[in-house]
Amino acid sequence: MFLPPDRAMLQKSKPDVKALLAGQPLFNTLSPEEIERITHNVRDFRLKKGEVLFNKGDECKGLHVLLVGLVKLFFISPHGHEKVVEIIRPGQMFGEALMFLERLYVVSAQALADSWVLYLPKSTIFEELERSPVLGRKMLASLSMRLHQLISDIEDYSLHSGKKRVIGYLLREVPNESLSPENYVRDIHFSISKNVIASYLSMTQEHFSRILHELMELGLIVVQGREIHIPDIRKLQQYED
């Protein structure tokens, strides 16, 4: 299981990039020699909350791996509304699809919290892919997982009610190890603002807040500021409109 670096490491001036990269799921099966080649041109970025990593229309010259923090991928509609496409979490890579296609970014990336990102140039990745079929398979698996999640999101937006979408999001925030029968009570901390979550779920912030209130009235959740308490995971899982 991937364990992100401690946030205090954001303050380090000289991180051990080789060790950090070797700890990522995408690269943890590579040999020290392979890691050495990949890290030769790696750069790391420390982003403050609200800082933009890249903008829609910028040239995509490589891929990014998030070590610490949260990053949202989004675009602005012709009417000026923000649509959050994806929320990147520690251990995830992003930008790889456009890197392979050699196209411009179709979304912008902005830090939702103080974040730490590794950047790998496409020339380095392409050279290593020529040498390592294992890396190629893992990158294909990662792309496949992202595509599967995208299809799942589209299905949710198209077929499920707003309440079911919110429930699905809350359940995804619960760690897998907490979903066993003996774990009925969970607490979720909202590290992301409600307007960002609402945009990601394709609803207004008002609609999102109203659904949270309805779930509270049903006794399925308890909201206290940024904390959400789930008294019974199974009841939330089994809820039907």
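The values are calculated or read from the model by the stated rules, or taken from the named source; none is laboratory data. All of these numbers come straight from a predicted model, not from anything done at the bench. Neighbour counts are summed over all protein chains in view; Cβ atoms, including those assigned to glycine, are modelled from backbone coordinates with ideal geometry. The protein model used for the area step is the full one, side chains on, heavy atoms only, and it has no ligands, DNA or RNA in it. Shrake-Rupley method; radii C 1.70, N 1.55, O 1.52, S 1.80 Å.
Below is a table of values for the structure above.
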read-out: Test result for Tyr169, modelled with pLDDT of 80 or more, out of contact with any Phe, Trp or Tyr (no Cβ under 7 Å at 6 or more places or on another chain) and among the aromatic types (Phe, Trp, Tyr); value: yes
read-out: Meets criteria (in contact with a strand residue (DSSP E or B) (Cβ under 8 Å, 6 or more places away or on another chain) and either at pLDDT 90 or above or of a type in the set (Lys, Arg) (or both)) for Glu82; value: yes
read-out: Some residue of segment 64-71 being closer than 19 Å to Leu140 by Cβ and surrounded by fewer than 18 Cβ atoms within 10 Å (Cβ to Cβ); value: no
read-out: When residues of segment 68-84 are limited to those that are in a strand (DSSP E or B) and without any contact (Cβ under 8 Å) to a residue 40 or more places away in the chain, the one farthest from Arg46 (Cα to Cα); value: Ile76
read-out: Segment 115-160: number of residues that are buried (at least 17 other Cβ atoms within 10 Å of the Cβ), more than 16 Å from Val84 (Cα to Cα) and not hydroxyl-bearing (Ser, Thr, Tyr); value: 11
read-out: Residue in segment 145-162 that is modelled with pLDDT of 85 or more and not hydroxyl-bearing (Ser, Thr, Tyr) present; value: yes
read-out: When residues of segment 186-206 are limited to those that are exposed (fewer than 14 other Cβ atoms within 10 Å of the Cβ) and either more than 24 Å from Arg89 (Cα to Cα) or in contact with a Lys or Arg (Cβ under 7 Å, 6 or more places away or on another chain) (or both), the one modelled with the lowest pLDDT; value: His189
read-out: Cβ-Cβ under 6 Å pairs, at least 6 apart or on other chains, segment 113-141 side farther than 15 Å from Asn28 by Cα and aromatic (Phe, Trp, Tyr), far side assigned to a helix (DSSP H, G or I) and open to solvent by less than 30 Å² (accessible area, probe 1.4 Å); value: Trp116/Leu10
read-out: In segment 207-216, residue least open to solvent (accessible area, probe 1.4 Å) [restricted to those that are farther than 25 Å from Lys72 by Cα and touching a helix residue (DSSP H, G or I) at 6+ places or on another chain (Cβ under 9 Å)]; value: Leu215
read-out: Residue that is most open to solvent (accessible area, probe 1.4 Å) [pool: residues in segment 80-102 that are over 12 Å from the mean Cα position of the chain (by Cα) and more than 22 Å from Ala141 (Cβ to Cβ)]; value: His81
read-out: Search result, residues across segment 217-239 that are open to solvent by less than 80 Å² (accessible area, probe 1.4 Å) and aliphatic (A, V, I, L, M); value: Leu220, Ile221, Val222, Val223, Ile228, Ile230, Ile233, Leu236
read-out: Scope segment 52-63; condition outside any loop (DSSP other than H, G, I, E, B) and exposed (fewer than 13 other Cβ atoms within 10 Å of the Cβ); matching residues; value: Val52, Glu59
